[in-house]
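Novice: Next up is a structure, given as structure tokens.
The values are calculated or read from the model by the stated rules, or taken from the named source; none is laboratory data. Everything quoted here is computed from the prediction, not taken from an experiment. Cβ sites come from the backbone with ideal geometry, for glycine too, and all protein chains shown count toward neighbours. Heavy atoms of the whole protein, side chains included, go into the accessibility calculation; ligands, DNA and RNA do not. Shrake-Rupley method; radii C 1.70, N 1.55, O 1.52, S 1.80 Å.
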Amino acid sequence: GFSIVTYTGTGTAGTIAHGLGAVPKFITIKNRDDSAGWITLAMGRHDVSDPETDYLYLNNSSVIDDSDDFNDTAPTSTVFSVKTHNLLNASGDDYLAYVWADVPGFSKFGGYEGVASTDGAYVHTGFRPRLLICRNLDSAGSWIMFDSERHPDNIIDIHTMADTYAGEGTDDNMDFLANGFKCRRSATSFNSAHSFIYLAWAEMPFKYALAR
């Protein structure tokens, strides 16, 4: 469910093979020759009917709507599309792409609606998350990260932000459940009255997991 791709830009709209054999749900790309951000396509977005026309930055809080940088074309089980933007496909520039697809019982990429309550949204992933990253789609907000290593028991009250220099935060934030997660605090970054995306990984696929 994870592919790492390198390619050289052509400056002409085209496609890039990703090798997953499944439709990607999350792609983030870096121009290796430029001081440019990580342009990110989240196909798990549920707030729009055409997520292939929008993108995010992994390194900041911007949300860009109605862009054709991914050539207004959804990725397939073999390729993703790029147009001519410097962040994706400038002629002669070298690029790095990280590409993920859902793997039942191991990884899941999707969306949910926040409710701004300590009795927040429950999101079904099909496994207990080991790592969870959430992002507000309606308002500028950080990529907030939770994991079960630093705080193995609920309520998970330690988090970090992927796109800031801030240290660890400590608030009653999130429950990791057997088949998903539940938000436990009203917060712009993961549980306000907005739309969110999430990226979740299990410690191991559910069918191979051992009791502990």
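Novice: Across the chain, how many lysine pairs, 8 or more apart or on two chains, come within less than 16 Å at their alpha-carbon atoms? Kindly include the intermediate steps, with their values, before the conclusion.
Specialist: Values: LYS25/LYS108; LYS30/LYS83; LYS108/LYS182; LYS108/LYS207.
Close lysine pairs under the 16 Å cut-off: 4.
Novice: Here's something else I'd like to know. Expressed as a whole percentage, what fraction of the accessible surface of the chain belongs to carbon and sulfur atoms when a 1.4 Å probe is rolled over the protein heavy atoms?
Specialist: Values: 4840 of 9500 Å².
Carbon with sulfur: 51 percent of the solvent-accessible area.
Novice: Note down the nm distance, to one decimal, between modelled labels 7 Å out along Cα→Cβ at ALA162 and at VAL23.
Specialist: Computed distance between label sites ALA162 and VAL23 equals 2.2 nm.
Novice: Here's a follow-up. Please work out how much length the chain gains when fully extended from SER77 to THR10, using 0.36 nm per residue of separation minus the C-alpha to C-alpha distance, in nm with one decimal.
Specialist: On the way: separation 67, 0.36 × 67 = 24.12 nm, distance 2.20 nm.
Working it through step by step, the gained length comes to 21.9 nm.
Novice: Please report, in Å, the Rg and the Dmax of the stretch 10-67, where both are computed over Cα atoms only.
Specialist: That works out to 12.4, 33 Å for Rg and Dmax.
Novice: Once the dipole of the stretch 20-111 is set up with Lys and Arg at +1 and Asp and Glu at -1 on Cβ about the Cα centre, which of SER77, ALA36, SER91 lies farthest towards its positive end?
Specialist: Going by the charge dipole, the pick is SER77.
Novice: If you build the convex hull over the alpha carbons only and average its shadow over all orientations, what do you get for the stretch 1-128? Give it in nm² to one decimal.
Specialist: Working: hull surface 33.5 nm².
Its average projected convex-hull area is 8.4 nm².
Novice: Can you give the charge dipole size of the stretch 106-212 about its Cα centre, rounded to the nearest 20 debye, using +1 on the beta carbon of Lys and Arg and -1 on the beta carbon of Asp and Glu?
Specialist: On the way: 10 positive and 13 negative charges, 86 e Å.
It works out to roughly 420 debye.
Novice: Is the shape of the stretch 110-212 best called rounded, prolate or oblate, per the rule: a/c under 1.5 gives rounded, else a/b larger than b/c gives prolate, else oblate, with a ≥ b ≥ c the square roots of the Cα gyration tensor eigenvalues?
Specialist: Details: a/c = 1.71, a/b = 1.42, b/c = 1.20.
Judged from the Cα gyration tensor, the stretch 110-212 comes out prolate (a/c at least 1.5, a/b above b/c).
Novice: If you average the sequence gap of Cα pairs under 8 Å that are 6 or more apart and divide by the length of the stretch 129-192, what percent do you get for the contact order?
Specialist: On the way: 121 pairs, mean separation 18.8, N = 64.
In percent, rounded to a whole number, it is 29.
Novice: Mind checking the per residue accessible area of the chain for me, 1.4 Å probe, whole number of Å²?
Specialist: Details: 9500 Å² over 212 residues.
Dividing the accessible area of the chain by its residue count gives 45 Å².
Novice: Could I ask something else about it? Please give the length that would be gained between ASP47 and ARG130 if that part of the chain were fully extended, namely 0.36 nm times their separation in residues minus their C-alpha to C-alpha distance (nm, one decimal).
Specialist: Working: separation 83, 0.36 × 83 = 29.88 nm, distance 2.54 nm.
Length difference between fully extended and current span is 27.3 nm.
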